[in-house]
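Asks: My structure is below; once you've seen it, I'll send some questions.
The values are calculated or read from the model by the stated rules, or taken from the named source; none is laboratory data. Because the structure is a prediction, the values reported are computed rather than measured. Cβ sites come from the backbone with ideal geometry, for glycine too, and all protein chains shown count toward neighbours.
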Amino acid sequence: LANAFTVAKKELRDSVGDRVFIAIYLILLIIIVTVAIPSAAEQRLSLQLQLQGVSENDSNMSLYDAQRVSASLINSLRTLIPVLSFLCPVLALLISFNSVNGEIEDGSLKVSLSYPLYRDQIFLGKLLNGFFMTFLTSFSAMLVGFAVYIYLSGVAVNLDLLSRILIIAFSTTLYMMIFFSLGLLFSIYFNNPVKSFLLGVITWIIAIDVYKQVINLAAELLFGIRIDQRWGSEIAAYMGYSPSPSNKLSYETFVNICSIFDVNSNYGKILENSLTTLSVISYSAKGFIVNNIYVGAILSTLYNPLTVMLSLIVIINLFSYLLFIRKEVV
Amino acid sequence: MNKTLSIAKKEFSDHVSDSNLLIIYVIVLSVTLLTVYWGGVAYRVQSTVTLADVSMQHGVIDIPGSLTDSLEIYFVTFGQTVFPLLALFGLILSFYSVNGELNGGSLKVALSYPLYRDNLLFGKALGGLLIVSLVSFSTYFIGFSLFIWMTSVALTLDLIMRILSIIFGTVLYTMVFFGLGLLFSIIFNKPLKALTASLGVWVAFNIYWSIIPTISYLLYGYSGSNMAYLLQELGYTTNNSSSVLGRFSLLFNIQYQLESILWNALHVSEMRGVGGSLPSDTMHYYVIFIPFEKILPSLITPFSVLTVFLISIFALCYILFRRKEIT
């Protein structure tokens, strides 16, 4: 294990010194802080409104408005979700896309293997470096972003909030690790770093954009139901079209099963659930009831997406390991 | 001119046989088919309602405006999904265009022949334009063929003009990204660096909107409708100056410009309502057709913005390539 740590240390130094990585990391940090400033101002206003009890007592306010102006963190921090889902994978890919083929190209892998070092140790070292880097990136970015947000918004810092931040940082690490692992896999499979980078980018686009559409189309072709496509359900209802319960169930089951592997929506789900701190429900003519949702209550909703993300990391790395062991290093 | 054409021909044949481009092209086509299929299904459901009952009770449907045969709403997902992929296609087409030949030594050999650098750069641009036009045309041809086959929309000269204007806009848009890739391939000697820089620009184009609320907040004290609503609930007054900033920032959003061409060009009809001044009154709706020439003014701004971007980037490429040291 000592050798693996030595490799990880060297890799870490290389990654931290990479100018492109630093540039993208700084962009991520700047954007997170930038998003945090207006979000904090919005949160401050929501808290002020809540203190005045306007949303609870205003019978003219609709439930939709009451929900969107409530002081739940998700309302002010919703913009953060697409930003993180979009940028974090690029950072992870940048760390790993030339991890193996880059070293084969410049001959350093061959030199490393001429020392008493097993391939396992090199692979483990690279993996450890990936974990350190993604951990460092996500935790530091979250720490800075939430520090600005908390300072400007006046949100109370308590164990509940800290737990939520930890969950978000941890899930961001896992999300990045999936793309790091994919980059590593491609860097083992392809000898040309440009190819591995390109394939990484294509996979990233498929994961964040195309995959969901393919699932919906496949479900529609199989079960002939159109449920969640914007105005579709409303028009279908107006026409008196109601799908048979068994078809509807099959459609939903199919989409749910396929969505298990949708990395992007799993990550989005974790962030959304972690940031939902309040629920607003209408209470007859008197207004609304606002309930706190504590972190303990959301833990069960995080179990599935986190398990899927962990499993994906294990599967991809197992595959990479097998390929790396058999890789011809010339 | 002959020399430029020869280079364009060579560039075109290089691109056609590039496996990376083929992969992205296949993805673009697949996504086009997927999104257009959905649009077609939605149109089929919706057109039945429009034909069945054009005048309907007020309040039956929240979004009566969408119950027309106008086509733009069926292509929203298409635009949002396919345009970023086309941008990526443009970047990948050109990121190693100059530095790849520089590293391989073929650029030096080419310049030892009686060839001006102008010929070389124009040839590359022309080769890129050919392949981009081919990809755009084939993508829309396949996409609209599927849509027309599914929906039985009449293929009139009006519709063909609309589709051609979208194809032209898409070529301009993809060429902007082609130009960016070319620019980086001139600036950086390593293809990997050029690719990373190109991708960085692509990411920036996709993410820059996230800082607009902050600028709006710093300038006007609030950002977005949610915050404006909160301020009103707390008794403060707000003006709509921030929307001016939002509109101004959209000028630099190249993807938005192409989406706006798509929306405007496919805005075939509108539903207008009459009556219904009292909640108990019946609201009658009628559909008006909007001919292609009526939407032309709305296409001027997006086309101009894309052209300005394109000319600026290629001018920069030309200047830098003329000064490039080729060793």
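Asks: Here are some residues: A:A36, A:A23, A:A71. Which one is among the hydrophobic types (A, V, I, L, M, F, W, C), within 12 Å of chain B (Cβ to nearest Cβ) and outside any helix (DSSP H, G or I)?
Replies: Step by step, each of A:A36, A:A23, A:A71 is checked, and only A:A71 is among the hydrophobic types (A, V, I, L, M, F, W, C), within 12 Å of chain B (Cβ to nearest Cβ) and outside any helix (DSSP H, G or I).
Asks: In region A:203-219, what residues are farther than 13 Å from B:I27 by Cα and more than 7 Å from every other protein chain (Cβ to nearest Cβ)?
Replies: Matches in region A:203-219: A:I208, A:K212, A:I215, A:N216, A:A218, A:A219.
Asks: Exactly one condition in (1) surrounded by 18 or more Cβ atoms within 10 Å (Cβ to Cβ); (2) within 14 Å of chain A (Cβ to nearest Cβ); (3) at pLDDT 75 or above; (4) under 32 Å from the mean Cα position of the chain (by Cα) is not met by B:N226; state its number.
Replies: B:N226 satisfies every listed condition except (3).
Asks: Would you confirm whether or not region A:225-232 contains a residue that is at pLDDT 70 or above, surrounded by 17 or more Cβ atoms within 10 Å (Cβ to Cβ) and more than 7 Å from chain B (Cβ to nearest Cβ)?
Replies: No, region A:225-232 contains no residue that is at pLDDT 70 or above, surrounded by 17 or more Cβ atoms within 10 Å (Cβ to Cβ) and more than 7 Å from chain B (Cβ to nearest Cβ).
Asks: Quick check on my filter: what residues within region B:257-275 are at pLDDT 70 or above and either more than 30 Å from B:V203 (Cα to Cα) or surrounded by fewer than 18 Cβ atoms within 10 Å (Cβ to Cβ) (or both)?
Replies: B:V268, B:S269, B:E270
Asks: Any idea which residue in region A:9-48 is modelled with the highest pLDDT, counting only those that are acidic (D, E) and buried (at least 19 other Cβ atoms within 10 Å of the Cβ)?
Replies: It comes out as A:E42.
One line per residue, one yes/no per condition, for (1) part of a helix (DSSP H, G or I); (2) at pLDDT below 80:
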position	(1), (2)
B:N206	yes, yes
B:I211	yes, yes
B:Q255	yes, no
B:S277	no, yes
B:H284	no, yes
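Asks: Test of understanding: among A:F190, A:F197, A:F180, which residue is touching a Ser or Thr at 6+ places or on another chain (Cβ under 6 Å) and within 13 Å of another protein chain (Cβ to nearest Cβ)?
Replies: When all the criteria are applied, what remains is A:F190.
Asks: Mind checking which residues of region B:72-109 are touching a residue at least 24 places away in the same chain (Cβ under 8 Å), more than 28 Å from B:L33 (Cα to Cα) and assigned to a helix (DSSP H, G or I)?
Replies: B:N99, B:G100, B:L102, B:N103, B:L107, B:K108
Asks: Taking only region A:150-177 into account, find how many residues are within 14 Å of chain B (Cβ to nearest Cβ) and either closer than 19 Å to A:T134 by Cα or hydrophobic (A, V, I, L, M, F, W, C) (or both).
Replies: Matching residues across region A:150-177 total 1.
Asks: I'm trying to understand the selection: among the residues of region B:183-201, which are crowded, with 20+ Cβ neighbours inside 10 Å and within 19 Å of the chain's Cα centre (by Cα)?
Replies: Within region B:183-201, B:S198, B:L199 meet the criteria.
Asks: Go through (1) at negative phi; (2) surrounded by fewer than 17 Cβ atoms within 10 Å (Cβ to Cβ) for A:C88 and report which single condition fails.
Replies: (2)
Asks: For residues that are surrounded by 14 or more Cβ atoms within 10 Å (Cβ to Cβ) and either part of a helix (DSSP H, G or I) or modelled with pLDDT of 90 or more (or both), tally how many sit in region B:308-327.
Replies: Number satisfying all stated conditions: 9.
Asks: Take A:N264 and decide whether it is crowded, with 18+ Cβ neighbours inside 10 Å, at pLDDT 85 or above and within 14 Å of chain B (Cβ to nearest Cβ).
Replies: Against the criterion (crowded, with 18+ Cβ neighbours inside 10 Å, at pLDDT 85 or above and within 14 Å of chain B (Cβ to nearest Cβ)), A:N264 qualifies.
Asks: Could you tell me which of the residues B:L130, B:L146 is modelled with pLDDT of 90 or more and closer than 20 Å to B:L33 by Cα?
Replies: B:L146
Asks: Identify all residues within region B:202-241 that are β-branched (V, I, T), without any contact (Cβ under 8 Å) to a residue 24 or more places away in the chain and under 28 Å from B:F83 (Cβ atoms); write none if there are none.
Replies: Result: B:V203, B:I207, B:I211, B:T214.
Asks: The conditions are (1) modelled with pLDDT of 90 or more; (2) over 30 Å from B:D18 (Cβ atoms), and A:I188 fails exactly one of them. Which is it?
Replies: All conditions pass for A:I188, except number (2).
Asks: Here is a follow-up. For region B:69-89, name all the residues that are closer than 12 Å to B:Y173 by Cβ and more than 9 Å from chain A (Cβ to nearest Cβ).
Replies: Hits for region B:69-89 are B:G79, B:V82, B:F83, B:L86, B:A87, B:F89.
Asks: Six or more apart or on different chains, Cβ atoms under 8 Å: show the pairs whose first residue is in region A:97-115 and within 21 Å of A:M133 (Cα to Cα) and in a loop (DSSP other than H, G, I, E, B) and whose second is acidic (D, E) and at pLDDT below 85.
Replies: Once the first residue is within 21 Å of A:M133 (Cα to Cα) and in a loop (DSSP other than H, G, I, E, B) and sits in region A:97-115, its partners that are acidic (D, E) and at pLDDT below 85 give A:S99/A:E11.
Asks: Next question, about the same structure. Filter region B:29-40 down to the residues that are more than 8 Å from every other protein chain (Cβ to nearest Cβ) and surrounded by 21 or more Cβ atoms within 10 Å (Cβ to Cβ), then identify the one that is modelled with the lowest pLDDT.
Replies: Looking at residues that are more than 8 Å from every other protein chain (Cβ to nearest Cβ) and surrounded by 21 or more Cβ atoms within 10 Å (Cβ to Cβ), I get B:G39.
Asks: Is it fair to say A:L312 is touching a residue at least 60 places away in the same chain (Cβ under 8 Å), in a helix (DSSP H, G or I) and either out of contact with any His (no Cβ under 7 Å at 6 or more places or on another chain) or surrounded by 18 or more Cβ atoms within 10 Å (Cβ to Cβ) (or both)?
Replies: Yes, satisfied.
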